[in-house]
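The structure under discussion appears below in the form of structure tokens.
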């Protein structure tokens, strides 16, 4: 059966490397029910494309030069709720996955995924489901089990911290500077400083040294 363009799943590829986007296009070239309607290297180009034609799914990398894929996902979730995001990234640690899901991503795949799994994810998300590769699902489950097993005092101050704030606090404990944290998380140094101020306010602390000592004492992070 011949499928017309209007019946195809419309995708926009967002990655700042041409060779990666070319690889995706080659991978999907023989898929008769999928149409790539645009390519972008970041948020500005993506929004410009979306004003011309709205995609069904946005294939999005996390590591982008100006604003991270997670921040783009959060922006899209708020401003373009009908556009679904599938993260395709080399970063597969728990914090990145959790933050991507929290931002609104409908799926998450490692960049070494198979063509079969890539197509399964696209079709599942287009049909309204969520899709996570087997390896990503295992990381999510381990994180969930770890949280269930941990006996937490519901009145602890650190429970007031967001996941991003805990992530940044751990990096301060590990000795990273504001700029190093910004570079590692693909966010601006101003955003790091804002998170740091919020952490100290919530924990009622007055300095970075007090913040690090608190984190170690309360087993939020290890040196």
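A short reminder: the numbers here are calculations on the coordinates, not readings from a lab. Note that the coordinates shown come from a computational prediction; the quantities given were computed from them, not determined experimentally. Neighbour counts run over all protein chains shown; Cβ positions are idealised from the backbone, glycine included.
Across all Cα atoms of region 62-213, the radius of gyration (one decimal) and Dmax (whole number) stand at 17.0, 52 Å.
Ordering 20, 192 from the fewest to the most neighbouring beta carbons within 10 Å gives 20, 192. Cβ crowding within 10 Å ranks 173, 47, 85 as 47, 173, 85, fewest other Cβ atoms first.
Under the definition of Cα pairs under 8 Å and six or more residues apart, what whole-number percent is the relative contact order of region 1-119? Present the calculation step by step, with values, prior to reporting the outcome.
Details: 175 pairs, mean separation 26.7, N = 119.
Here the relative contact order equals 22 percent.
The angle between the Cα long axis of helix 189-203 and the main principal axis of the chain comes to about 50°, on a 0 to 90 degree scale. Shape class for region 152-217, computed from the alpha carbon gyration tensor (a ≥ b ≥ c): prolate, with a/c not under 1.5 and a/b above b/c. For the chain, averaging the sequence separation of C-alpha pairs within contact (under 8 Å, six or more residues apart) and dividing by the residue count gives a relative contact order of 14 percent.
Each residue in 75, 214 was given a count of other beta-carbon atoms within 10 angstrom of its own, and listing them fewest first yields 75, 214. The ellipsoid that matches the Cα gyration tensor of region 7-141 has semi-axes, each √(5λ) in whole angstrom, of 19, 17, 15, with the longest given first. Calculate how steeply helix 43-52 sits against the longest principal axis of the alpha-carbon atoms of the chain, using the helix alpha-carbon long axis, and give the answer as 0 to 90 degrees to the nearest 10. Roughly 40 degrees between the two axes.
Can you tell me the 0 to 90 degree angle between the C-alpha axis of helix 69-79 and the longest principal axis of the chain, rounded to 10? In the chain, helix 69-79 runs at an angle near 70 degrees to the longest axis. For the peptides 31-44, 93-106, the ranking by mean Cβ contacts within 10 Å, running from highest to lowest, is 93-106, 31-44.
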